Amino acid sequence: MIPMVSQFNTFKNRIYAAHEKTYLIVNYKGLIMKQIILFSLMTMALSLQAKAVSVSAYTSLETCKILTSSENDPDAEIDYFTSVCEGREGFDVRIDGGDLRSWVSLVKQNTEDFVAENISFAFGEGQFPYVAGSKLEWRYTDNTLTALIVRMGGQDPEDYNNELQNLAVIRINKDRPAEACVVGLVNAKLPNANLKARAIADSGKSTCITGDY
C-alpha cells in the first residue's frame, strides 16, 4: 500500500505542478493582452488629440457698408463703389468695384489701411470678374485663422448669358498678413465644390498661384 500511496502523491504533485504552470502561462498571456489593449487605447487617444479641428465662420455681404458709390456721383464716367465688410482677427474685407468688376482686399479693422490689396482681382472666372455669392467664409484650424474663401463670378466669353463662378481660397497668416494670396481655385459648379475649397484651405498650402488678368 505504501508504494501506491507514494505513486499517488507523485502523480498528485505532477498535476499541481502542471496546473500551476498552466496558470502562470494563462496569467502571462492575460498580462500581455492587457498591455496590448492599453497600448491601443493610448494610440487612439493620441491620434484623436493630434487630429486638427477645422471650422468655418461667415461674414454676410449684405451687412457690408458702402463707403463710396457712383450712385452718389452725378459726374461719374463709369460705375464704381467701395464697401467694407466686418471681418475677423483684426481684419476687415474691403470690396472695390468699377466697370462691372469687383475684387477683395484686406484692411486693418476699422481703418482704411491696406494689409493686402486686390487679392482676388486676377481670379474671377471669364470676363468682368466680380465678387459673387452672399457671404465670405473664414476658415479656422485649431482656432487659428488660416484662409478666406471668396466666390468669384464672371461672364463666359463664348456665351454672355452663361455665368461662370469659382471659389478662390486665400491664404491668411495673421502674423504676416501682407503675404495673403490665392492658393487655390475650385469651379463652384462642381459637386462638393465647397468641401473641396475647404480641403485646400485646411491643407496648409502656401504656394501662391497667379491669375490671367
Nearest-0.05 FRET efficiency for Leu195 and Thr63, computed from C-beta distance (R0 35 Å): 0.85
14 Å reach of a label modelled at Thr144, 7 Å along Cα-to-Cβ, counting backbone N of the stretch 169-213: 172-177, 202-206
Fewest-first sequence of Val131, Val84, Val55 by Cβ atoms within 10 Å of each Cβ: Val55, Val84, Val131
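Here, each number is a calculation from the coordinates, and none is a lab measurement. What you are looking at is a predicted structure, and each value in this text was computed from that prediction instead of being measured. Positions of Cβ are generated from backbone atoms using ideal geometry, with glycine treated the same way; all protein chains shown enter the neighbour counts.
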